[in-house]
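Below: one structure, written as structure tokens.
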Amino acid sequence: MNRDIIDINDFTILVEEAKVDEATTDSCFFDEPIIAVAFYGEGNVDLTVKYGDKQKEFNHTKGLALSFYADDRVEFTHAVSAAKPLECIVIATTANAIHQLPNHEGELFGEMLNQLVNPKDHYVEGPSFIMTPEMQTIVDSLFNIQYEGKTKMMFFRSQITTLLSHFFGQIASLKTEKIKTPEREKLNQAKDILLKNIDNPPSLSEISKQIGLNTFKLKKDFKEFFGVPVFKYLQNERLTLAHKLIRNQDSTVQEAAWHVGYDSLSSFSNAFEKKFGYRPSQIK
């Protein structure tokens, strides 16, 4: 388990990463009441939040952006395994520091996360949603920074600010409250089906039959809930996985393309360059 704490202005950034061979759990508490946003990367680790006699569980955390208030009576536990490594970035501040935040950030917290600024319990959950592909790319980059020293810290600070900006932007633009809980569960099922069949996904009509939602509503609600159309989401996941395989030297460029379902190397390279700004052969 690697856990780093970095202070940026009046924010405390907690970076947690764990890759294990055997299943284990890791628990943490906060010393004082905080208002925070947690961003989960790859791994899809399980999370349990306990406070008093209450408990909240999250079994699908990959790509989750979760805002919350928590005091020192709240226990956060991650269940980590070889199949579910932990990648989590928490951007936190204290209630007392809210009004001291620079660049009107305190006002944003007060306006958009009012239930967290004025909590009514030891743990209060604010807005949560699946991150956009742009946000997922930022989180992935923070766990794979290639720079060192002062340059590394400069990059880290800039990406944290950008990530938080995206978070508030999504709260302002997404209206996920229009999608009822049963439909949200079906949309998450659709997402899981895509990820389990990333190299050869079923058609929209096949996914619709599996989750019990008609094709029109699947397309409409998926875009509203996840921020991108169904197969745009799939393409982003494919390219992100391919980037990771090449970067970690687990696959050649050709092998990575095949692994994520691209038959044409040129099509793969063009899509890769369009997303990341450079060709896969340029990864070092």
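Results, tabulated for the structure shown:
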| quantity | calculated |
| --- | --- |
| Candidate set from the stretch 38-64 (those that are aliphatic (A, V, I, L, M) and either outside the structural domain of Gln136 (by TED's automatic domain parsing) or out of contact with any Pro (no Cβ under 9 Å at 6 or more places or on another chain) (or both)); member that is nearest to Lys196 (Cα to Cα) | Leu64 |
| Filter result for the condition that a residue is outside any strand (DSSP E or B) and touching a residue at least 40 places away in the same chain (Cβ under 8 Å), over His60, His78 | His60 |
| The stretch 200-224, subset not aliphatic (A, V, I, L, M) and not in a helix (DSSP H, G or I), residue farthest from Glu183 (Cα to Cα) | Asn200 |
| Residues of the stretch 74-91 that turn out to be surrounded by fewer than 19 Cβ atoms within 10 Å (Cβ to Cβ), farther than 21 Å from Asn188 by Cβ and either β-branched (Val, Ile, Thr) or touching a Gly at 6+ places or on another chain (Cβ under 7 Å) (or both), as a count | 1 |
| Unique match (being assigned by TED's automatic domain parsing to the domain that holds Phe109 and in contact with a helix residue (DSSP H, G or I) (Cβ under 9 Å, 6 or more places away or on another chain)) among Ser67, Ser27 | Ser67 |
| Residues of the stretch 130-163 classified as touching a Gly at 6+ places or on another chain (Cβ under 9 Å) and in a loop (DSSP other than H, G, I, E, B), total | 3 |
| Count of the stretch 174-199 residues which are at pLDDT 90 or above, in a helix (DSSP H, G or I) and surrounded by fewer than 15 Cβ atoms within 10 Å (Cβ to Cβ) | 0 |
| Check on Asn9, closer than 21 Å to Ala83 by Cβ, among the polar types (S, T, N, Q) and out of contact with any strand residue (DSSP E or B) (no Cβ under 8 Å at 6 or more places or on another chain) | no |
| Top-ranked residue of the stretch 81-102 - restricted to ones that are of a type in the set (S, T, N, Q) and either in contact (Cβ under 8 Å) with a residue 40 or more places away in the chain or assigned to a loop (DSSP other than H, G, I, E, B) (or both), ranked as farthest from Phe11 (Cα to Cα) | Ser81 |
| Sole exception among (1) within 23 Å of Met131 (Cα to Cα); (2) under 24 Å from the mean Cα position of the chain (by Cα); (3) charged (D, E, K, R) for Asp250, by number | (1) |
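Okay, residues lined up against (1) modelled with pLDDT under 85; (2) surrounded by 16 or more Cβ atoms within 10 Å (Cβ to Cβ); (3) hydrophobic (A, V, I, L, M, F, W, C):
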{"residue": "Ser27", "(1), (2), (3)": "no, no, no"}
{"residue": "Tyr40", "(1), (2), (3)": "no, yes, no"}
{"residue": "Asn59", "(1), (2), (3)": "yes, no, no"}
{"residue": "Leu64", "(1), (2), (3)": "no, yes, yes"}
{"residue": "Thr93", "(1), (2), (3)": "no, yes, no"}
{"residue": "Lys120", "(1), (2), (3)": "no, no, no"}
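The values are calculated or read from the model by the stated rules, or taken from the named source; none is laboratory data. None of these values were measured; they are calculated from a predicted model. All Cβ positions, even for glycine, are placed from backbone atoms using ideal geometry, and neighbour counts span all protein chains on display.
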